[in-house]
Amino acid sequence: MEQLSLFDSQEAYNPLASRMRPEDLDEFVGQEHLLGKGKVLRQLIEQDRVSSMIFWGPPGVGKTTLAGIIAHKTHSRFVNFSAVTSGIKEIKEVMAQAENSRRMGIRTLVFVDEIHRFNKAQQDAFLPYVEKGSIILIGATTENPSFEINGALLSRCRVFVLQGLTQENVKELLERALGSPKGLGYLRVEMEEGMLDAIAAAADGDARRALNILEMAVTNGEMEADRTRVTKEILAQCIGKKSLLYDKKGEEHYNLISALHKSMRNTDPDAAVYWLARMLEAGEDPLYVARRLIRFASEDVGMADSQALPLAVAAYQACHFLGMPECNVHLSHAVIYLSLAPKSNSAYVAYETAKGDAQSMLAEPVPLTIRNAPTSLMADLHYGEGYVYAHDTKEKVARMQCLPDSLAGREYYHPTSEGEEEKAREKLRRVKAWKQGGDE
């Protein structure tokens, strides 16, 4: 009997996710908004009219698989690049070959996985060949192309947004893997009802992660004569504690802090605490969150509850003293308080409006009345002439113009009637009436 070597049956050693990779659009699961019947991307692929494009989406949704399907369908030479292992030298070599192929009437399709890892110089190396049509560039990225891909290159590529797979999508893939001969069909796997749903939920829309969990569970299952049984205990060990989808430097970082901020602004403490937990449990620096709460305390609560700012500062100090995980309760305290506090953005609006005038009127002179006169020359030039010390007046306010003449009467602060700011609103109304010569 001939002994088989590892190289005689390499396919058997490939990961399940690799063995189950779809080879045509009919096998592809998910992305119906792009690949459903009559949808634009499906038509481009089926009609072999593919142009340079970027696939943007979370891990495990089929970006690389889709590029492979395009490679099978298109009448082009296919080159697979990895941004992790390829440099300028490799890019230039491939581009030279592509230019030669173009002269012979052969298109070259270049797939670049993780294109966001290429630096500006590497991305620029593709640009002239994309412009000339020497290559069709397909890039795959988990990061927002607006931030990570050169504007010149991005403008020449069509961006297709791939969405995370639904639990139904993932479950369909798992069922297919259990029944397929190239998957796990030969093992006749038995699992209790609901276990595939548990894997699909743990995968967070990532097909690769789901298939890896399934393969691990089956590998560690109880092998019997004609079947393989996977118990809930085995599956629980294989799932473990899933990593939260989060990148402290990527788009999701800004998405989550935006969700926290807007939930607090909308007086929704439940949502706010959830987004807080999402960030902290994924490893976010608690001091970063605390700094954002300090900003929120003045931007969105402001004069409606001036105690919000010292509370947020106290939460920052508590995070500094204790760190995680103890400081999570201090941040939760601050988030709930800020969510329920009366809201006013009057301080934010006042500054932004004043900033506009300041930037467009940078040379407006300070009125002489409120200038300081530390020297006799300044006094001779009428600096401080007519100034009234407000504390010496009965009303504790003087009828002086403090804005430049060109801005006289301009109003930046418009107090709301929310919370404690109602008192400030009423006081400001009385002061303005008195300055205008009223009785109040």
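The values are calculated or read from the model by the stated rules, or taken from the named source; none is laboratory data. Treat the numbers as computed from the prediction; the structure is a model and nothing was measured. Every residue, glycine among them, receives a Cβ derived from its backbone with ideal geometry; neighbour counts consider all protein chains shown. Surface accessibility is based on the protein's heavy atoms, side chains included, excluding ligands, DNA and RNA. Shrake-Rupley method; radii C 1.70, N 1.55, O 1.52, S 1.80 Å.
Annotations for the structure displayed:
- Amide H contacts of Gly139 (H built 1.01 Å from N, under 5 Å, at least 5 apart or other chain): Met53, Ile54, Phe55, Val112
- Residue-span extension gain [Lys427 to Glu192] - 0.36 nm each, minus C-alpha spacing: 77.6 nm
- Projecting the Cα atoms of Ala198, Val388, Ser339 onto the charge dipole of the chain (Cβ charges, centred on the Cα centre) puts Val388 farthest toward the positive pole.
- Partnerless Cys - the chain, beta-carbon criterion under 4.7 Å: Cys157, Cys238, Cys402
- Taking the Cα centre of the range 122-193 as reference, the dipole from Cβ charges on Lys and Arg (+1) and Asp and Glu (-1) amounts to some 420 debye.
- Most to least packed among 358-366, 258-266 [average Cβ atoms within 10 Å]: 258-266, 358-366
- Taking N as its residue count, the alpha carbon Rg of the range 6-145 over 2.2 N^0.38 Å: 1.09
- Loop-located trypsin sites (Lys or Arg not before Pro) in the range 275-310 (DSSP state other than H, G, I, E, B) with a sparse environment of at most 10 neighbouring Cβ atoms within 10 Å are absent.
- Computed 3J(HN,Hα) for the range 375-389, one whole-Hz value per residue from the Karplus formula 6.51 cos²θ - 1.76 cosθ + 1.60 where θ = phi - 60°, is 10, 5, 4, 5, 5, 5, 8, 6, 5, x, 5, x, 5, 10, 6, glycine and proline marked x.
- Just the protein heavy atoms count here, and of the accessible area of the chain at 1.4 Å, carbon and sulfur take up 52 percent.
- Euclidean distance between Cα centres, the range 175-193 to the range 372-438, Å: 80 Å
- With R₀ set to 51 Å, the beta-carbon distance separating His414 from Arg158 gives a calculated FRET efficiency near 0.65.
- Close amide-amide hydrogen proximity is noted between Thr228 and Val189, Glu190, each under 5 Å apart and 5 or more residues distant or on a separate chain (H modeled in the peptide plane; Pro and chain starts excluded).
- Note on Leu407/Asn14: beta-carbon distance plugged into 1/(1 + (r/R0)^6) with R0 of 51 Å gives a FRET efficiency of 0.10.
- Heavy atoms of the protein chains alone define the surface here; on that basis the chain has 56 Å² accessible area per residue at 1.4 Å probe size.
- With R₀ fixed at 30 Å, the C-beta to C-beta distance from Tyr288 to Lys120 puts the FRET efficiency at about 0.65.
- The label point for Lys92 and the one for Ala201, both projected 7 Å from the Cα toward the Cβ, are 5.5 nm apart.
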